[in-house]
Structure formats: structure tokens, C-alpha cells
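The values are calculated or read from the model by the stated rules, or taken from the named source; none is laboratory data. Remember, it's a predicted structure, so these values are computed and weren't measured experimentally. Here the Cβ is made from the backbone with ideal geometry for all residues, glycine too, and neighbour counts use every protein chain on show.
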Ligand SMILES: Cc1ncc(COP(=O)(O)O)c(C=O)c1O
């Protein structure tokens, strides 16, 4: 194959390959092997076979400029003018110091458990069966039990049937906003908040209303005012290790927010994306403390199990659950049973708990390494708080910093960070960076901070 590929690379397009019989003799390979190699080359688009005539180097068609201008009129104005690809999802060359990504490095994943679970699942009926729309019953039960084990005695925990499995919580957010809020209706969100939630809200056509949120969450009276002024019936929030700020609501603050939500007959859409990434704190979801159907709970395994095992759950009760399930069915019918079986295998394996116990200290090391590096080499980058969990530092930059220019300068010098602007539903009230400490090579945090510090100093000479 390699030899033929070299030959093809230097041959003119349309050149005829030697016959199968010649290739068999030349490579002392069987006809079956030669046919297999040729089939692969055809599949790779390098050669084309003309039955009864032979195999030929693929004719390269001359490039011509295409005119798609008619689509402008057919499509009309775009729904959104936001950047199409957000920084957290960018893939960058291996030698870049990557502080931008939202996804943990492989060394933080339960690699052995994931590989073994796929092997077991490949031998099971999961590769053939269609799971129910709401999810594999055992996986529904696992998600429900996660909440039940931390629910106070007086609270009725959710049933497995209250759980709907999604292919990632991004998909869960899209459906939840569509089902429970709907086009033109208001949705309160923390500001700043997860850009993907803003994108999902925009897709669902809902009207996003920002509510400022600090290190302990939103101020209850401000939230109450926003409910009253807008008539909103839903509030999207991350009570634990929020992306991007790392904020965690205290239990009394969480109680007050729940009270406000209940008083306004509204839903709290609780996004528990970092449930498995506690460092100094084990998060207790608000959903475990509510049995009145006001909390719609999202829990994702994408980042803690594997970005390839894209499994999450939405837990909802009453008619809200029925509406979400009905929309989920319309959207995707069901989530791959194979991935559900793999996720279930991993989270019910004794090694999963062991893995999680080791994860907190490793995240703590990385977080502290980045904090120290910033303090030493980039004192103008000031983290708003030391997060007690999650994967990110949210850092304030000096006033009048041109964040876009800072990002460009850093990238040119080999570091990529995420501009804070992407997390604000409105105009950013200041200059911020989000720095993720779960990426590859924490040994390079010092160099990364040095580059950011230098680029920032270039904008603010003493
Ligand atoms: C706050 C928050 N919610 C939801 C998601 C999406 O999760 P998933 O990967 O399960 O779609 C992310 C991913 O970055 C996130 O940060």
C-alpha cells in the first residue's frame, strides 16, 4: 500500500496501475491481498477502478470557483451574529500551551475503565438493541440514585422514570429551553454564564435576561426583581463550580434562590456540569432538596467519563418531564444504547469511586500550580476566587485591556486562553480571561503565565 501510494503520488492523473497479476508477482503477495490494497486505495480516493479495464490514478478535476450567492437570498439574515466557533472547542497544535479548552486531559480520565467498558459492551446485546427513548432503565436508576443518596429524609427523591438520558447536556439544554420556555419568552440566566447555554437559548428563540451573579450566586432580591419585571418562569444557573467563574452557592444562598423560584411559580434549570470535579467541596445538588418539580436538573458524564462517551441526564418531574421527553423523542428518538451501556458499566464499577477520589487532589495540584504561576509571572491577571471545584480560573484583567488583542498576542507566542467576553449574555462589564487548568502538560503553566504576563505588560507599560 505504502509503495503504491508513493507511485501514485508521482504518476500523472489517469495513469494505469500495473495489472493485479503483475502486482502479485512484484510484491510476492496473494491476489486477495493485492485486491484488498487496491480496494483501500479506491476508498481513499487515490485511484478509480474501471471494471474489465483496470485501475487508474484518479483524474484530478480542475478546481473552479463555485457561486453560492443564491443561498444568501434563500437563507435570509442569520439568526445569530455570535462567533460560530467558541474558543473552548478549538483544537490547537500539540505544542501550544492550551489553557482554553473545556475538556480535561486524558490523564484525568478513567482510561482503563473506559477501554474495558467498551470491550465488554462490544460483546453484549447493547451493540444491537434499541434502548427506550428515556434511556436504559438501569442508567436512569443510577442517575436517580445519585440524587436520592444525598436527599434529606423529608424530601421524596426522584424516581428512575423522572430521568431522561441525553447525548450530552448541551442537547439536554437545547431541549429543556425549547420545551419549558419557548420562542419569544424570557429566560433568566446568571451573568456571566456558560456560552453553550446562551447558544442553546438563542436556538430555542428564548429571550435571555441576565442576572448578575457573584462568588456566592445571584442576590435573591435581584433575582426576585428580574422575575417580577419580566414575567420569566425559568432561571438557568450553575450552583456548583460555575463555568466560567468557579462560584459555588452557599447552602443558605441556595435555599433563598429556591424560595424565590418557588414564589414565582418558576423552574430552576440546575446545570451540575462539574459534579465530579469537586476539590475542597462535594456538591449537593439543589435538585436533591426539592420534590416540588421546580428544579430541572442536568448532570453530564462527558467530561468526567470521556468526551467520547457523550451521556448526560435531565431529571424533571410532572408535566415538565413529559414535555421534555416528547421533544427529545422528536429530536433524536433515543440515545445510542452502546454509549449508555458503556457509561453505566463505568459509573457502577468499583474503580469509578476510586478514580473520583484521586481526581480532586490532582485538580487541586493543577489549580494551585496555575495560581502560583499567575501570581509570579502575570500579576495583572487576577483570579476572582480560588474555586473549590471545577476546571477553570476566572481572572480579571486591568481596565481598558484589549482582550481580543491579548488573546492574539498570546496565541502568536504559543499560548491559548479564552476571552471572557464569550460568557457574557450582554456587554462584558470588564476584561476577563478564562483559564482552564485541566488541559495537557501542567508543567508548562509557568511558561504560559510568563507569556500572558508579557503580552499584558505590552498593553499596560508602567
Ligand atoms: C456549564 C456547562 N453545561 C453544559 C456543558 C455541556 O456538556 P456536555 O459536554 O455534556 O454537552 C458544558 C460543557 O462545557 C458546560 O460547561
- Note on the structure: Selection from region 393-415 of residues touching a strand residue (DSSP E or B) at 6+ places or on another chain (Cβ under 8 Å) and either closer than 27 Å to residue 208 by Cβ or without any contact (Cβ under 8 Å) to a residue 40 or more places away in the chain (or both) yields 393, 394, 395, 396, 397, 403, 404, 406, 407
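A quick yes/no check of all residues on (1) modelled with pLDDT of 95 or more; (2) out of contact with any helix residue (DSSP H, G or I) (no Cβ under 8 Å at 6 or more places or on another chain):
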{"residue": "165", "(1), (2)": "yes, no"}
{"residue": "168", "(1), (2)": "yes, yes"}
{"residue": "206", "(1), (2)": "yes, no"}
{"residue": "213", "(1), (2)": "no, yes"}
- Task: Answer with yes or no whether residue 67 is assigned to a loop (DSSP other than H, G, I, E, B) and assigned by TED's automatic domain parsing to the domain that holds residue 442.
- Result: no
- Name the pairs: first residue in region 292-304 and more than 20 Å from residue 325 (Cβ to Cβ), second residue part of a loop (DSSP other than H, G, I, E, B) and near the ligand (Cβ under 10 Å from one of its atoms), Cβ to Cβ under 6 Å, at least 6 apart or on different chains? 302/168; 302/310
- Query: Do we have residue 338 as in contact with a strand residue (DSSP E or B) (Cβ under 8 Å, 6 or more places away or on another chain), away from the ligand (no atom under 16 Å from the Cβ) and not in a loop (DSSP other than H, G, I, E, B) here?
  - Reply: no
- Looking at (1) free of Cβ contacts under 8 Å to residues at least 60 places away in the same chain; (2) in contact with a strand residue (DSSP E or B) (Cβ under 6 Å, 6 or more places away or on another chain); (3) part of a loop (DSSP other than H, G, I, E, B), which is the only condition residue 60 fails? (2)
- Message: Looking only at region 70-94, how many residues end up being within 16 Å of the ligand (Cβ to nearest atom) and assigned to a helix (DSSP H, G or I)?
- Response: 3
- Item | Given (1) touching a residue at least 60 places away in the same chain (Cβ under 8 Å); (2) more than 16 Å from the ligand (Cβ to nearest atom); (3) under 30 Å from residue 396 (Cα atoms), number of the condition residue 250 does not satisfy | (1)
- Scan region 348-356 and give yes if some residue there is part of a loop (DSSP other than H, G, I, E, B), in contact with a strand residue (DSSP E or B) (Cβ under 9 Å, 6 or more places away or on another chain) and more than 16 Å from the ligand (Cβ to nearest atom), otherwise no. no
- The lone condition residue 360 fails out of (1) surrounded by fewer than 22 Cβ atoms within 10 Å (Cβ to Cβ); (2) within 24 Å of residue 216 (Cα to Cα); (3) touching a helix residue (DSSP H, G or I) at 6+ places or on another chain (Cβ under 7 Å) is (3)
- Select from region 278-298 the residues that are within 14 Å of the ligand (Cβ to nearest atom) and crowded, with 24+ Cβ neighbours inside 10 Å and write down the one among them that is farthest from residue 259 (Cα to Cα). 298
- Filter region 186-201 for residues that are surrounded by fewer than 24 Cβ atoms within 10 Å (Cβ to Cβ) and within 10 Å of the ligand (Cβ to nearest atom); which is nearest to the chain's Cα centre (by Cα)? 196
- Task: Please go through region 1-37 and pick out each residue that is touching a strand residue (DSSP E or B) at 6+ places or on another chain (Cβ under 9 Å) and touching a residue at least 24 places away in the same chain (Cβ under 8 Å).
- Result: 4, 8, 11, 12, 13, 14, 15, 16, 17, 19
- Task: Inspect region 381-392 for any residue being closer than 16 Å to residue 96 by Cβ, crowded, with 16+ Cβ neighbours inside 10 Å and more than 24 Å from the chain's Cα centre (by Cα) and give the result as yes or no.
- Result: no
- Message: I need every pair where a residue in region 95-117 that is in a helix (DSSP H, G or I) has its Cβ under 6 Å from the Cβ of a residue that is surrounded by fewer than 20 Cβ atoms within 10 Å (Cβ to Cβ), sequence separation at least 6 or different chains.
- Response: 113/349; 113/351
- Query: In the list 307, 319, which residue meets the criterion of being closer than 21 Å to residue 175 by Cβ, within 11 Å of the ligand (Cβ to nearest atom) and surrounded by fewer than 21 Cβ atoms within 10 Å (Cβ to Cβ)?
  - Reply: 307
- Note on the structure: Considering region 325-348, residues that are over 20 Å from the mean Cα position of the chain (by Cα) and surrounded by fewer than 17 Cβ atoms within 10 Å (Cβ to Cβ), and then whichever is nearest to residue 203 (Cα to Cα), we arrive at 330
- Message: Suppose we filter 147, 109, 113 for residues that are surrounded by 13 or more Cβ atoms within 10 Å (Cβ to Cβ), under 27 Å from residue 437 (Cβ atoms) and away from the ligand (no atom under 16 Å from the Cβ); which single one remains?
- Response: 113
- Query: Which residue out of 278, 293, 265 is out of contact with any helix residue (DSSP H, G or I) (no Cβ under 7 Å at 6 or more places or on another chain) and modelled with pLDDT of 95 or more?
  - Reply: 265
